[in-house]
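In what follows, a structure is listed as C-alpha cells, so that the remarks can point back to it.
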Amino acid sequence: MTTTARQIWQNMTVFDGQTTLPEPMTVIIADGRIESVEPTGQTTDHPDGTLVRDGGVLTPGLIDCHTHLVFGGQRADEFEQRLEGVSYEQIARQGGGILSTVTATRAASEQALYDQARPRLEALMADGVTTVEIKSGYGLTTDDELKMLRVARRLGQDLPVRVQTTFLGTHALPPEFKDRTDDYIDLVCHEMIPAVAAEGLADAVDVFCEGIAFSVAQSERVFQAAQAHNLPVKAHAEQLSNLGGSALTARYKGLSADHIEWLDKPAVKAMAEAGTVATLLPGAFYTLRETRVPPIDLLRQYQVPMAVATDGNPGSSPIFQLTLMLHMACTLFRLTPQEALQGVTANAARALGLQSDVGRIAPGYQADLCVWQCQSPNELAYAVQPGRLIHRVVNGTVHGG
Ligand code: DI6
Ligand code: FE
C-alpha cells in the first residue's frame, strides 16, 4: 500500500467511464482526486510527482450498485431443489427462499454476520470493486434491519472500499405478519424508516415490488415515508411480471429500477424523463433461468442509462464477481462491451446518486481506479478470467501490485 502526494500514471489505455480513449493517456492524481487526464504525447509541463506506472489498461474503480451481501446462512439445498425443477416462486410461497435467509439472519449476531459478509466483499474487491451498495432486507424487524445496516457500515469503515447502504425492509413479508401486509407496511413506514433515518444508517430505500412481495400501492407508501425522511428510492421491479413498479419509481424520481425484464415502453419513457437508471442483473436472470430479456433496444432508444450489477444474494444470484456480470450482460442481454463497462462505472455511480464523485476518470473525480492485466478494456467483458487486477486505487491510495 503506497500513498504519494502527486502520482503520475502515463501511457495508460483509458476507459474513462463512458468510452475508451483513442490514445495513450497520462493521468495525474493529487490529494486523492484526479487532477488531469491528457494524451501522453501532448503533456507539456511535467509537474512534480512520482511516476507510478508507465503503460497498462486503466478504468475507474468498479461499482457494484446492487448487492445483498450481508446475510446469514446459505441456500445450497434450495439450489438443488431448483435444479430438480421447483421454481423460485414456488419455493418462496412454501416459506423458503428469502424467508429461510431471514430466519438465519435473525439468529446471527452482528459479529457473525460481519464475519460471513467480509469474504464476499473481499472477493468483489479482488475483482476491482471500489464502491459497493449493500442492502438490508433479511432482518424484517426493526432491530434486525438495523443490525444488518450496521454490519454494512462497519465493512465500509474497516476495508478500503466505499459502501453505500440501502434499507430494504420491504423485501418479503415476515411470517408473523401473514395476511397482514398493510400492518407490516405501517411498521416499515412508521417505525423502521424513522429509526434507520435517525441513526443515519441508510443512503436509500428499496422495495421489492412483485407478485410474491409487495404491490405498487404498498410500495408507494414506502416511497412516501422514505421521501419524508429525505431518502432517495429505488425498486426491484418488473422481474417476474409487469406490475408497474418501475413507472412508480420514476414518478418518485427514483435512483434506479432494477431487474426490469418485463419493463414496457411507457415505463421506459417515464424512466428517461425522470433520470432513473435501468439496473440490469444478469446473474439473477441466469441463475433463475429466465427467458425474457430486458428491453435493451428501448432503453437505448430513450437513452435510459443502463447499470450492471451482481445482485449478489444467497438465492437468486449467489455470485460475487462483477467482471463476470460484464460478460453476462453482453452474452445474455447483448450489451456492447463498452455499454457493459459504462454499466459498472459511470452509470452505476448514477444509480447510487454518486455521479459527480466516482465512476469516471476525469478531473475532479475521486481517484478510484483499477489497472488491469490485459490489452484493451473490452477484454474485461470478453474473457472470463479472474486475477487480472494489478492495482486497485481508492481515494488515491494504491492497493496491490
Ligand atoms: N433480489 C432480491 O432481493 C430477490 N431477488 C433479487 O434479485 C431475491 C433475494 C433472495 O432470494 O434471497
Ligand atoms: Fe436484489
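Rg and Dmax in Å for region 147-214, alpha carbons only: what are they?
Radius of gyration, then largest Cα-Cα span, for region 147-214: 13.6, 44 Å.
Taking θ = phi - 60°, what integer Hz values does the Karplus form 6.51 cos²θ - 1.76 cosθ + 1.60 yield along region 389-397, in sequence order, with x for Gly and Pro?
After applying 6.51 cos²θ - 1.76 cosθ + 1.60, I find 6, 9, 10, 10, 10, 10, 6, x, 8 Hz.
Would you mind telling me the antiparallel percentage of the DSSP bridges in the chain, rounded to 5?
Just about 40 percent of them are antiparallel.
In whole Hz, with x marking every Gly and Pro, tabulate ³J(HN,Hα) for region 372-381 from phi via Karplus 6.51 cos²θ - 1.76 cosθ + 1.60, θ = phi - 60°.
After applying 6.51 cos²θ - 1.76 cosθ + 1.60, I find 10, 8, 6, 9, 9, x, 4, 4, 5, 8 Hz.
Relative to the longest principal axis of the C-alpha atoms of the chain, give the angle of the C-alpha long axis of helix 110-126, reported between 0 and 90° and rounded to the nearest 10°.
Rounded to the nearest ten degrees, it is 40.
Quick check for me: using +1 on Lys/Arg Cβ and -1 on Asp/Glu Cβ, what's the dipole size of the chain about its Cα centre, in debye to the nearest 20?
Charge dipole, the chain, about its Cα centre: 240 debye, nearest 20.
Answer rounded, prolate or oblate for region 318-401, using the Cα gyration tensor with square roots of eigenvalues a ≥ b ≥ c: rounded when a/c is under 1.5, else prolate when a/b is larger than b/c, else oblate.
It is oblate, given that a/c is not under 1.5 and a/b is not larger than b/c.
Once you put a point 7 Å from the Cα of Lys253 and another 7 Å from the Cα of Glu110, both along the Cβ direction, what distance in nm separates them?
According to this spin-label approximation, the distance is 3.4 nm.
Roughly how many whole Å is it from the C-alpha centroid of region 170-218 to that of region 39-86?
Spelled out, the Cα-based centre of one part sits 30 Å from the other.
Assign one of three labels to region 171-268, namely rounded, prolate or oblate, based on the Cα gyration tensor with a ≥ b ≥ c the square roots of its eigenvalues; rounded applies when a/c is under 1.5, prolate when it is not and a/b is larger than b/c, and oblate otherwise.
Oblate.
How would region 260-374 be classified by its alpha-carbon gyration tensor: rounded, prolate or oblate, with rounded meaning a/c under 1.5 and the a/b versus b/c comparison settling the rest?
Here region 260-374 falls in the oblate category.
Could you state the angle between the C-alpha long axis of helix 216-228 and the longest principal axis of the C-alpha atoms of the chain, as a value from 0 to 90 degrees rounded to the nearest 10?
It is inclined by approximately 60 degrees.
Give the order of Phe177, Phe15, Phe333 when sorted by the count of other beta carbons within 10 angstrom, beginning with the fewest.
Least crowded to most crowded, the residues run Phe177, Phe333, Phe15.
Tell me which residues come under 5 Å, amide H to amide H, from Thr166 once H is placed; ignore anything under 5 positions away on its chain.
Ile134, Lys135, Ser136, Asp203
Among all lysine pairs in the chain that are eight or more places apart or on different chains, how many have alpha carbons less than 16 angstrom apart?
Lysine pairs, 8 or more places apart or on different chains, close enough: 4.
Tell me, what HN-Hα J-couplings in whole Hz come from the Karplus equation 6.51 cos²θ - 1.76 cosθ + 1.60 at θ = phi - 60° for each residue of region 137-146, using x for Gly and Pro?
So the Karplus estimates, Gly and Pro as x, are x, 10, x, 6, 10, 4, 4, 6, 5, 4 Hz.
Quick check: residue separation of Thr19 and Arg93 times 0.36 nm, minus the Cα distance between them. What number comes out in nm?
22.2 nm
Calculate the all-directions average of the projected area of the chain's alpha-carbon convex hull, and give it in nm².
Hull-based average projected area comes out at 18.4 nm².
Find the centroid of the Cα atoms in region 314-383 and in region 235-283, then give the distance between the two in whole Å.
20
Test of understanding: what is the full-extension gain from Arg6 to Ala217, defined as 0.36 nm times their sequence separation minus their Cα-Cα distance?
So the chain would gain 70.7 nm between Arg6 and Ala217.
Just to be sure I follow the definition: excluding the sites themselves, where is the longest run in the chain that has none of the GluC sites (Glu not before Pro) in a DSSP loop with at most 12 other Cβ atoms within 10 Å?
So the longest stretch without any such site is 200-401.
Per residue, what volume in Å³ does the Cα convex hull of region 41-152 take up?
179
Extension gain Ala126-Asp357, at 0.36 nm per residue separation less the Cα-Cα distance, in nm?
Result for the pair: 81.0 nm of gain on full extension.
At a 10 Å Cβ-Cβ cut-off, how would you order Phe79, Phe167, Phe285, fewest neighbours first?
Least crowded to most crowded, the residues run Phe79, Phe285, Phe167.
Determine the calculated [θ] at 222 nm for the chain from helices alone, applying -39500 (n - 2.57) to every DSSP H run no shorter than 4 residues and normalising by the residue count; nearest 500 deg cm²/dmol.
-10000 deg cm²/dmol
Helix 265-274 sits at what angle to the longest principal axis of the chain, using alpha carbons and giving 0 to 90 degrees rounded to 10?
For helix 265-274, the angle is close to 60 degrees.
Near the amide H of Thr279, under 5 Å away, which other amide H atoms are found, from residues 5 or more places off or on another chain, if H is placed in the peptide plane?
Ala257, Asp258, His259, Ala307
Whose amide H sits under 5 Å from the amide H of Thr397, counting only residues 5 or more places off or on another chain, with H placed in the peptide plane?
When sequence neighbours closer than 5 places are left aside, there are no close amide H contacts.
Every read-out reported here was derived from the displayed coordinates using simple, explicitly stated rules and does not represent laboratory data. Note that the coordinates shown come from a computational prediction; the quantities given were computed from them, not determined experimentally. Glycine also receives a Cβ, built like all others from the backbone with ideal geometry; neighbour counts cover every protein chain displayed.
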